[in-house]
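Before any comments, here is the structure.
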Amino acid sequence: MAQIKRHDNRLGLWGWLGGGRWGIERYAYILHRLTGLGVLFYFLMHIVVTSLRAFGVYLWIEGGVFHQPVFRMGEFLVYAAFAYHAFNGIRLVLVELGFAVGAPIEPVYPYKTSLNVQRPLLIVMMILAAIFLAVGGYEAMGLAK
Amino acid sequence: MSETKYWTWHMAAGVVIFLLLGLHMLVMHLGGWTHLFAPFGGEAVSRDNSLFRDGKLFFTATYILLLGVALYHGLYGLRTILFELTLKPAAEKAVTFILLVGGLGLFGLGTWAAIVVHAAAAAARG
Amino acid sequence: MADDNKTVRDVKFHVTRYNPETDASPCVKTYTVPVREGMTVLDGLHYIKENLDASLAWRFSCRMGICGSCGMLLNGQPTLACNTQILHIAETQLTVGPLPNFEIIRDLVPDLMSMFEKHRALKPYIVRADEAEVNDPAGEFYQTPEQLEAYLQFTYCIKCGCCMAACPTLATDARYLGPMPLSAAQRYNQDTRDDGRPQRNQVTGSAHGAFRCHYAGECSRACPKGVDPAKAIQHLKRRLVLDYLRLARRKKACQKLHGPGQGQPPGNIPAAPPRTVTPSA
């Protein structure tokens, strides 16, 4: 190949966050990544904090450092992240093992893709996540007895 | 082909976490509705309720299982995200090694703590 | 009919320009194009070249959505310029850029070699266990319509690169194989005449293979031919997992025909009518 100067045209991290109008599945993918990282970050701290109970240190009970409202609010956010990540994850397990995407078909314009086939599953999972969130939020506000 | 192996276990771990962490959420964050495994009333995370669960073999075993499965699932997910940043092959090997060692270390810590408190709580019960 | 040639409105084309010999990085130049009903973006680019700026460079050939040359980024969406009517996607402003996730050679011309090298690495041809048969075929292979349907959709790929441009993983991971090579691999894996799946699995099952796809679905939305590469990749993953767990069903060997009369005709073909012309002796 002749040595012609090239300009690298990769979108980089902007490709993860921007770069055009997208379908709902791509936003679901972005949110899945963000919630996964959020839950992981909390989880790694959680292991260390709860392991301290072996030394008799309980940081999360009444009077402990992590019993403050700001941390309780953060815990609800982690719970919300888990709710979304779990239900979207079940959708991804089904889709990525080929169960919810449909079989190969003869493409006839206007094209219907696997995105159309799995859209009902996405909606059901989002509704379940919303219900989970609502129930948890109700409790987090101290309204459940 | 080893990536296929890692990914298959990642999916399987996800399903297991859905069930076990879902149960954990029902106990902890939805305890106001379910009152599961919190016989001392009040908050599910109170000292008495925590000690109650620590003393039960079912909880110690499922906590250790959940710890292992969740560490694998989470750290493989982190490895996936890092691998998509076009690292040099040497950096990819380093990332895998660090996550493996870190994961095993945290698993060891959590398992040790779970066993220690289980033994202590069981002994206290007499 | 007389109104067909009338200009509907002027549209400003914001075209990415880049000359590697004179420019340090790409810049955007604006051209005003009078747009008629039915004018495609490709027509607009020709207007610019003929009337406004003869130095504009881009790839095109068939102008009818079958060769895959004119893939570019139009108002943020990767699609074919010949397939896209200006008035359908733009009011008065249209941004025209080269396909992202490829190096730019010049102006709107991307370097697609990275895509083709990944495609080649996946052996995009029929691989048979009996090599002698490939080189010196003794008969033709028999394939039912159902067996054809299992991979036909993925044969419609025109290698335009729009799916590669749309993929979020390719935005940061230059080593990821991408939707086009992976759906080509699935097209051959599903072909009953092919025995190359174990070899292709070594590449598709690697660290930058099929498992770096996370079903964002942008490739299927961008594809101008309805190939649905997202679906192909999920089926590919399923096959990789089944092969790893050794649960893959043993494939029936493709039946070979040697000469006429050996196939099994379906039972519902009516008999031919009697001859009306006697062949000359």
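Odds and ends about this structure:
- Cα-based Kirkwood hydrodynamic radius, chain B, one decimal, Å: 16.5 Å
- Pairwise Cα distances in region C:7-110 exceed 22 Å for 22 percent of all pairs.
- Principal-axis analysis of the Cα atoms of chain A puts helix A:24-51 at an angle of about 30° to the longest axis.
- Ligands, DNA and RNA left out, the 1.4 Å accessible surface of region C:77-171 is 53% carbon and sulfur atoms.
- Gyration tensor (Cα) of chain C, equivalent ellipsoid semi-axes in angstrom: 43, 28, 16
- Pairs from B:Lys5/C:Lys237; C:Lys12/C:Lys159; A:Lys112/C:Lys12; C:Lys29/C:Lys49; A:Lys5/B:Lys93 whose Cα-Cα separation, in the structure shown, is over 22 Å: C:Lys12/C:Lys159; A:Lys112/C:Lys12; A:Lys5/B:Lys93
- Remark on C:Leu108: its backbone amide H falls under 5 Å from those of C:Ala57, a criterion applied only to residues 5 or more positions apart or on other chains, H modelled at 1.01 Å from N.
- For C:Ala272 and A:Lys112, a Förster radius of 41 Å and the Cβ-Cβ distance give a FRET efficiency of 0.55, rounded to the nearest 0.05.
- The alpha carbons of region C:50-132 stretch over 59, 25, 23 Å along the principal axes, in descending order.
- Accessible-area value, A:Leu11, 1.4 Å probe, nucleic acids and ligands omitted, Å²: 60 Å²
- Most fluctuating residue given options B:Ala91, B:Ala38, B:Ala70, as computed from a GNM of chain B linking Cα atoms under 10 Å: B:Ala91
- Among C:Thr79, C:Thr144, C:Thr169: highest mean-square fluctuation, GNM of chain C, C-alpha pairs under 10 Å: C:Thr144
- Average projected area [Cα convex hull, the protein assembly as shown], square nanometres: 39.1 nm²
- Using the 1.4 Å probe convention, the accessible area of chain B works out to 49 Å² per residue with neighbouring protein chains retained.
- Once the Cβ-Cβ distance of C:Gln143 and C:Thr22 is raised to the sixth power relative to R0 = 41 Å, the FRET efficiency obtained is 0.15.
- Relative to the dominant Cα principal axis of chain C, helix C:179-189 is inclined by about 10°.
- Buried surface for the C/A pair, taken as the accessible area of each chain alone minus that of the pair with a 1.4 Å probe, is close to 3900 Å² in total.
- Residues B:Lys5 and C:Asn51, FRET efficiency given R0 of 45 Å [Cβ-Cβ distance, rounded to 0.05]: 0.15
- Peptide B:25-34 has a mean shielding of 5, counted as Cβ atoms of other protein chains within 10 Å of each residue's Cβ.
- Straight-distance candidates among the aspartates and glutamates for linking to C:Lys6, with alpha-carbon spacing under 12 Å and chain neighbours fewer than 8 residues away dropped: C:Glu37.
The values are calculated or read from the model by the stated rules, or taken from the named source; none is laboratory data. These numbers come from a predicted model, not from an experiment. Counting neighbours? That spans all protein chains shown, and the Cβs are built from the backbone with ideal geometry, glycine included. Just so you know, the surface numbers come from the protein's heavy atoms only, side chains and all, with ligands and any DNA or RNA stripped out. Shrake-Rupley method; radii C 1.70, N 1.55, O 1.52, S 1.80 Å.
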